[in-house]
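Enquirer: My questions all concern the structure below.
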Amino acid sequence: MAGKAEALAELLDRDPRVWRGRRPAAWRAPVIPSGHAALDAALPGGGWPAGALTEIVAPLQGIGELRLLLPLMRRIAGDGRRLVWVAPPFEPYAPALVQAGVEIGRMLVVSVADRRRDLGWALELLLRHPETGLVLAWPRTLPPSAWRRLQLAAAESGALGMLFSDGAAGGTAAALRLSLEVCEAGLELRILKARGGFGGARVRLML
């Protein structure tokens with residue numbers, strides 16, 4: 001009986017999709033470094049979860065949320081994968097992105113005619129596409145079933161989905177949930193939920 005229990009524990013530890021109420025000794029799920037050492041130290045595995053959704057809860061737009069992701073954008077585009085903006089609230093300013101080192105030749109901006117009808121469908125298609133490396137989106141409302149479909153789509157392609165929200169939807173199927181607040185030093189990030197770890201950690205970043 002003891003042998004079966006040990007075999008089961010080993011199997012559960014090997015599968016990063018199974019959360020056992022504790023942080024594994026070594027988190028094996030694929031991650032991509034955030035480019036911020038303090039944040040990587042607080043995230044399971046040391047970076048943004050790849051093949052997964054990250055929900056970023058921000059009270060306002062333009063508080064530094066895009067600067068937070070600039071190192072990730074540079075890495076994704078530099079690796080030759082596509083960086084997709086879906087229905088951004090403002091038009092991305094290409095000269096600033098170029099100055100920040102982002103290869104905009106790998107960038108695609110997608111608009112949707114009807115957010116309520118088309119946004120989830122467009123996100124799912126883009127996340128599943130093998131050339132997609134990163135999807136940035138600003139969904140106002142998505143039903144729980146849509147979050148689950150998008151999580152599966154990201155897992156299928158290995159893409160990262162960064163979805164900005166106001167947190168009104170409550171808990172979602174995102175592998176990682178962060179909230180942002182402006183602080184004197186720049187941004188304070190609070191980890192609300194992390195697959196393979198625990199929430200509650202706070203990180204301050206100068207951006």
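The values are calculated or read from the model by the stated rules, or taken from the named source; none is laboratory data. Only a predicted model underlies this, so the values are computations on that prediction, with no experimental measurement involved. Quick reminder, even Gly has a Cβ in these numbers, built from the backbone with ideal geometry, and neighbours come from all protein chains shown. For the accessible areas, the whole protein counts, side chains as well, though only heavy atoms, and no ligand, DNA or RNA atoms are used. Shrake-Rupley method; radii C 1.70, N 1.55, O 1.52, S 1.80 Å.
Enquirer: Does residue 154 count as more than 20 Å from residue 191 (Cα to Cα) and open to solvent by less than 30 Å² (accessible area, probe 1.4 Å)?
Expert: Working: more than 20 Å from residue 191 (Cα to Cα): yes; open to solvent by less than 30 Å² (accessible area, probe 1.4 Å): yes.
Yes; evaluated as a whole, the condition is true for this residue.
Enquirer: Go over the candidates 168, 174 one by one and state the one that is open to solvent by 70 Å² or more (accessible area, probe 1.4 Å), in a loop (DSSP other than H, G, I, E, B) and either at pLDDT 95 or above or small (Gly, Ala, Ser) (or both).
Expert: On the way: 174 fails: open to solvent by 70 Å² or more (accessible area, probe 1.4 Å).
Among 168, 174, only 168 is open to solvent by 70 Å² or more (accessible area, probe 1.4 Å), in a loop (DSSP other than H, G, I, E, B) and either at pLDDT 95 or above or small (Gly, Ala, Ser) (or both).
Enquirer: Looking at 180, 125, which is the one that is in contact (Cβ under 8 Å) with a residue 40 or more places away in the chain and either surrounded by fewer than 19 Cβ atoms within 10 Å (Cβ to Cβ) or over 18 Å from residue 86 (Cβ atoms) (or both)? Break it down into steps so the answer makes sense when it comes.
Expert: Details: 125 fails: in contact (Cβ under 8 Å) with a residue 40 or more places away in the chain.
Result of the check over 180, 125: 180.
Enquirer: Read through the list (1) open to solvent by less than 50 Å² (accessible area, probe 1.4 Å); (2) out of contact with any His (no Cβ under 8 Å at 6 or more places or on another chain); (3) closer than 20 Å to residue 139 by Cβ; (4) part of a helix (DSSP H, G or I), then give the number of the only condition that residue 66 fails.
Expert: (1)
Enquirer: Here are some conditions: (1) buried (at least 19 other Cβ atoms within 10 Å of the Cβ); (2) part of a helix (DSSP H, G or I). Residue 56 meets all but one. Which one does it not meet?
Expert: (2)
Every residue, every condition in (1) polar (S, T, N, Q); (2) not in a strand (DSSP E or B), yes or no:
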| residue | (1), (2) |
| --- | --- |
| 126 | no, yes |
| 142 | no, yes |
| 179 | yes, no |
| 189 | no, no |
| 192 | no, no |
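Enquirer: Now for a different question. If I filter the range 192-205 for residues that are in contact with a helix residue (DSSP H, G or I) (Cβ under 9 Å, 6 or more places away or on another chain), open to solvent by 30 Å² or more (accessible area, probe 1.4 Å) and among the small types (Gly, Ala, Ser), do I get at least one hit?
Expert: yes
Enquirer: Being hydrophobic (A, V, I, L, M, F, W, C), under 17 Å from residue 50 (Cβ atoms) and either open to solvent by less than 70 Å² (accessible area, probe 1.4 Å) or touching a Cys at 6+ places or on another chain (Cβ under 7 Å) (or both) is the requirement here; does residue 119 meet it? Steps first, answer last, please.
Expert: Working: hydrophobic (A, V, I, L, M, F, W, C): yes; under 17 Å from residue 50 (Cβ atoms): no; either open to solvent by less than 70 Å² (accessible area, probe 1.4 Å) or touching a Cys at 6+ places or on another chain (Cβ under 7 Å) (or both): yes.
Criteria not met by residue 119.
Enquirer: Turning to a different aspect of this structure: Can you pull out every residue in the range 72-113 that is surrounded by fewer than 18 Cβ atoms within 10 Å (Cβ to Cβ), assigned to a helix (DSSP H, G or I) and out of contact with any Lys or Arg (no Cβ under 9 Å at 6 or more places or on another chain)?
Expert: Matches in the range 72-113: 74, 94, 95, 96, 98, 99, 104, 105.
Enquirer: Here are 72, 83: which of them is modelled with pLDDT of 95 or more, out of contact with any helix residue (DSSP H, G or I) (no Cβ under 8 Å at 6 or more places or on another chain) and aliphatic (A, V, I, L, M)?
Expert: On the way: 83 fails: out of contact with any helix residue (DSSP H, G or I) (no Cβ under 8 Å at 6 or more places or on another chain).
So the residue among 72, 83 that is modelled with pLDDT of 95 or more, out of contact with any helix residue (DSSP H, G or I) (no Cβ under 8 Å at 6 or more places or on another chain) and aliphatic (A, V, I, L, M) is 72.
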